[in-house]
Amino acid sequence: MEMKGKRVAVLVEEIYEDLELWYPVYRFREAGAEVTIVGPSARTYRSKHGYEATADKGADQVDAAYFDAVIIPGGYAPDKMRLCKPLVELVREAYLQGKVVAVTTDESILAGQ
């Protein structure tokens, strides 16, 4: 799918699930989208397995109106994200503006394994 001209925010926080952050980042970029990794602040975060992801922007530096979609990766990161008011507001505003808001998750969690 061609996504040239689309802007996607992929959220990050400590203990994110590696593939649930990186797979969307790389696939959207391959499709031509502009991807911004957004965290509570513009710094480096570690995954469940110790891999690093650096947030391009802090949540208080971005506006939901700028993005076409917001992606929330799984792992333990969403539990930490919910405590960051600017991240919660970004997701809420994107949803209220009718933007795509998606959550990635491991299917084994849904299956109760």
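The values are calculated or read from the model by the stated rules, or taken from the named source; none is laboratory data. Not measured: the values here are computed from a predicted model. We place every Cβ from the backbone using ideal geometry, glycine too, and count neighbours over all the protein chains shown. Each accessible area value is taken on the protein alone, full model and side chains, heavy atoms only, with ligands, DNA and RNA left out. Shrake-Rupley method; radii C 1.70, N 1.55, O 1.52, S 1.80 Å.
General remarks:
- Residues in segment 26-49 that are without any contact (Cβ under 8 Å) to a residue 24 or more places away in the chain and not hydroxyl-bearing (Ser, Thr, Tyr) were compared, and the one that is least open to solvent (accessible area, probe 1.4 Å) is ALA42.
- Looking only at residues of segment 1-12 that are open to solvent by 20 Å² or more (accessible area, probe 1.4 Å) and part of a loop (DSSP other than H, G, I, E, B), we find that the one that is farthest from VAL62 (Cα to Cα) is MET1.
- Some residue of segment 32-54 being at pLDDT 95 or above, closer than 19 Å to VAL103 by Cβ and among the acidic types (Asp, Glu): no
- Within segment 49-96, tally of residues that are of a type in the set (Asp, Glu), part of a helix (DSSP H, G or I) and closer than 20 Å to VAL35 by Cβ: 2
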